[in-house]
1. Are any of the residues in the range 33-46 hydroxyl-bearing (Ser, Thr, Tyr) and at pLDDT below 90?
2. From the residues in the range 75-103 that are at pLDDT 85 or above and in a loop (DSSP other than H, G, I, E, B), which one is surrounded by the most Cβ atoms within 10 Å (Cβ to Cβ)?
3. Among residues belonging to the range 166-183 that are at pLDDT 80 or above and either out of contact with any helix residue (DSSP H, G or I) (no Cβ under 8 Å at 6 or more places or on another chain) or charged (D, E, K, R) (or both), point out the one that is surrounded by the most Cβ atoms within 10 Å (Cβ to Cβ).
4. Determine, yes or no, whether GLY70 is crowded, with 16+ Cβ neighbours inside 10 Å, in contact with a Pro (Cβ under 6 Å, 6 or more places away or on another chain), modelled with pLDDT of 85 or more and over 23 Å from MET186 (Cβ atoms).
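The values are calculated or read from the model by the stated rules, or taken from the named source; none is laboratory data. Just so it is clear, the structure is predicted and the values come from calculations on it, not from any experiment. Using ideal geometry, Cβ is built from the backbone for each residue, glycine included, and neighbour counts are taken over all protein chains shown.
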Amino acid sequence: MFRRRQSNDVLFLMPVRLASKKKPPGGAIMLCCDAAGKLCSLVVSRTVYQRARASAESMERRQKPFAVLGLESTPGRFVPVAVEIGPQEIWALEHILEHALKSGNLPDLLRRYLKPIIRLGEPHREAVILEQRRPRPQPTPRVLERLPYYPEQDMEVSMPIYKAEYSYPLIPLKRLPPDETTSRNMHRFLILDSSGDLGIITVPLRLTRQMELELTHQGAKGRRYTTALILKHQEDILIQYMSISQQQQKALNTITRYFEETGNGKRPISAAARTVLVRARDKASSPTD
């Protein structure tokens, strides 16, 4: 557990799934770290999770880079607040998340960024405390429950793999139904990245429509076996298309079906699927071909 300090504020990193823990209805289990760089998991109620999402979406709409903090208003009670951060903090957060997921330990180089980021929440503390003191029609339940620090092996690494960054281009395998974290203007996709890892990403609605219309158009032209490629160019997401063979399409379908049946992708990727990945990387590097 965190050692008691003047405040026990944390940095919310991302929702995770733990092998032995169940998230509450509408809530989540958040991977967090404190100002000293210690990682823990926190069970987040529906109220806190929705507020965290709303704070993040507000910053996204304003196109502001941000971090989401959990400010401790009273012992054991946390309120999420999104704060604007700069380029160095953005770099630090990306690498903090990557190290947290891979090893559960943060190097000293990254730990020094945590305290300044968490201190950005101080101007919001008074408003948070006042809000917690307002009378409510019903008693407010305990919003966060502390869990023991997780060893890496206790974390579910079944697909989708949580990665700080996926290896582009990505191959969308299947459109998935929305969950409680999906914004109305986004769609979820199961994807295979260029490293052979499965994951779930969200794609803007306009790009989803563009992609599905083009694939339908390709099928009408007799190009039945066509796959989309999702590329990242600077800050933009681009879509390309690539014809594949029937055998390669079956290989991608097998990966999708295995994930649907087992919930993971821990099996060797076939030679046909790896050929698709190689071709996708080649096409992405030669976009005019």
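1. Yes, the conditions are met somewhere in the range 33-46.
2. The qualifying residue surrounded by the most Cβ atoms within 10 Å (Cβ to Cβ) is ILE85.
3. LEU170
4. For GLY70, the condition - crowded, with 16+ Cβ neighbours inside 10 Å, in contact with a Pro (Cβ under 6 Å, 6 or more places away or on another chain), modelled with pLDDT of 85 or more and over 23 Å from MET186 (Cβ atoms) - is met.
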